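One structure below.
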Amino acid sequence: MFSLLKRIWIKKKTICHVGAWGGNFGDSILQNSIRRQLCELDDRIEFVYYNCQKTEFTLELIHQINKSCDVMIVGGGGLIFNRPQDNSKSGWQWNIDINYIDHIKIPIVVYGIGYNKFEYDKNDFQSVTREHLLKTIDKSALFSVRNTGTKEYLVKLGGDASKIDVIPDPGMFAQPSFIKIPGIATNKVKIGINWTTDRENQTFPEPWNVTKERFLCELVKAINKISGKYDIQVFYIGHMGYEFDKAIIEYFKSYLDIKPIIIDECLCEIYPPGDGEKVGYLVDIYRQMDLVLGMRGHSNIVSFGQNTPCIAIGSHRKLRYFKKDIHDEENIIDIREMNNINDKYIYGKIEYNLAHLSAQKMRLIGEFARQRHIEDEFNKKVISLLH
């Protein structure tokens, strides 16, 4: 009875949440984590969602949002990114005409977005993108980015540095839901591998397919060598499911000396991750690892949040930006420098982490506490806009 009266007496506050809700694990944990954190601070909040890649913000839709919502959140994730197939009117992931931004009458919060252009992406932003981003910064009640590198990029475009907060990616605060991994052995060293199957031609230096094969060969040799020193298990942790990552999964099955446990196969029921309990299962898988080799941004971010050391692999700027902000730049295998990378180099990175696991975890705990404080203070500012 009391709960019914509470719903009647206490007016709900509605947040219009705009993001790239595309089925990727990283996008799903952002949606889940932001909602959970804000609802913990104010239980009056309810959310309505708009997919920024599939929604055009027309004047009619903006009018509807003004009438029904109290705050608009845009983000998080790598929204400063041009996908030509989206036909975005802004050139980045928020598909709104620049002349319509002023029609939004409720406070706008840009929440931890990132500059997400792939290293070898030849697509340029549209001519309107710079002006659109600057307009969004000026119009927003709160504008935040997920790393210092993105802030520096926006300031170079002409953005007012005093209006741009740097906050952690909320994915690092995702909560695990316990799940038993079939075949996992508590007495073995558990190494997780995550790979980015999409846009490999924008990830590796040209000739990209040759560079990719060379890197994979060196990576596999390093892991096989590690298995001679440590009693390890290897897990492949996909973010999109087996069919999406089939080629790389079959590669690891063929060339690793130790048969890998493929999460996409043995726990196929948790894909696609969506926005519910499945998100927590993947978070928990990262929690159970001793070390992760991660190519996707949220493979690194979630590992950090679960106090699991992670070596970033790849060329993407978001990996470098993240590692710099958490003071972990030594744990990157940067394939832009492929001429300097071989199995010995990769082995050294892995072996150092395994030999110093306790110290690495202690260091991560201290850095996580610092990031947690930054996030909490920003969330309080968001809640204040609802009052």
Would you please name the residue that is surrounded by the most Cβ atoms within 10 Å (Cβ to Cβ), looking only at residues in segment 272-288 that are under 18 Å from the mean Cα position of the chain (by Cα) and not in a helix (DSSP H, G or I)?
Pro273
Single condition Ser177 does not satisfy, out of (1) part of a loop (DSSP other than H, G, I, E, B); (2) closer than 20 Å to Tyr286 by Cα; (3) in the same structural domain as Ile313 (by TED's automatic domain parsing):
(3)
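Quick check on Ser90: is it modelled with pLDDT of 95 or more, under 28 Å from the mean Cα position of the chain (by Cα), outside any strand (DSSP E or B) and farther than 27 Å from Gln202 by Cα?
Here the answer is no, as Ser90 does not meet what is asked.
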Is it the case that some residue within segment 200-222 is in a strand (DSSP E or B) and out of contact with any Cys (no Cβ under 9 Å at 6 or more places or on another chain)?
no
Scanning segment 342-387 for residues that are within 20 Å of Ile167 (Cβ to Cβ) and not in a helix (DSSP H, G or I), which turns out modelled with the highest pLDDT?
Leu385
Please enumerate the residues belonging to segment 236-271 that are buried (at least 19 other Cβ atoms within 10 Å of the Cβ), part of a helix (DSSP H, G or I) and either touching a residue at least 40 places away in the same chain (Cβ under 8 Å) or among the basic types (Lys, Arg) (or both).
Asp245, Ile248, Phe252, Ile263, Ile270
Top-ranked residue of segment 181-212 - restricted to ones that are surrounded by 20 or more Cβ atoms within 10 Å (Cβ to Cβ), in contact with a helix residue (DSSP H, G or I) (Cβ under 6 Å, 6 or more places away or on another chain) and of a type in the set (A, V, I, L, M, F, W, C), ranked as farthest from Tyr286 (Cα to Cα):
Phe204
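Do the conditions hold for Lys246, that is, is it of a type in the set (D, E, K, R) and in contact with a helix residue (DSSP H, G or I) (Cβ under 8 Å, 6 or more places away or on another chain)?
no
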In segment 198-232, what residues are within 30 Å of Thr186 (Cβ to Cβ) and of a type in the set (S, T, N, Q)?
Asn224, Ser227
Determine whether Ile311 is surrounded by 18 or more Cβ atoms within 10 Å (Cβ to Cβ) and within 23 Å of the chain's Cα centre (by Cα).
yes
Does segment 152-160 include one or more residues that are modelled with pLDDT of 95 or more, of a type in the set (Ser, Thr, Tyr) and touching a Phe, Trp or Tyr at 6+ places or on another chain (Cβ under 6 Å)?
yes
Looking at segment 34-59 only, could you name the residues that are part of a helix (DSSP H, G or I) and either charged (D, E, K, R) or closer than 22 Å to Phe81 by Cα (or both)?
Ile34, Arg35, Arg36, Glu40
So for segment 314-327 (the condition being among the charged types (D, E, K, R), surrounded by 21 or more Cβ atoms within 10 Å (Cβ to Cβ), over 30 Å from Tyr49 (Cβ atoms) and not assigned by TED's automatic domain parsing to the domain that holds Leu30), does at least one residue qualify?
yes
If we keep only residues of segment 260-312 that are touching a Ser or Thr at 6+ places or on another chain (Cβ under 8 Å) and among the hydroxyl-bearing types (Ser, Thr, Tyr), then the residue nearest to Asn32 (Cα to Cα) is Tyr281
Quick one: in segment 93-111, which of the residues that are without any contact (Cβ under 8 Å) to a residue 60 or more places away in the chain and part of a strand (DSSP E or B) is surrounded by the fewest Cβ atoms within 10 Å (Cβ to Cβ)?
Ile108
Condition test on Ser144, is it crowded, with 19+ Cβ neighbours inside 10 Å and at pLDDT below 95?
no
Mind listing whichever residues of segment 112-150 are of a type in the set (S, T, N, Q) and part of a helix (DSSP H, G or I)?
Thr129, Thr136, Thr148, Thr150
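The values are calculated or read from the model by the stated rules, or taken from the named source; none is laboratory data. Because the structure is a prediction, the values reported are computed rather than measured. Virtual Cβ from ideal backbone geometry, glycine too; neighbours counted across all protein chains shown.
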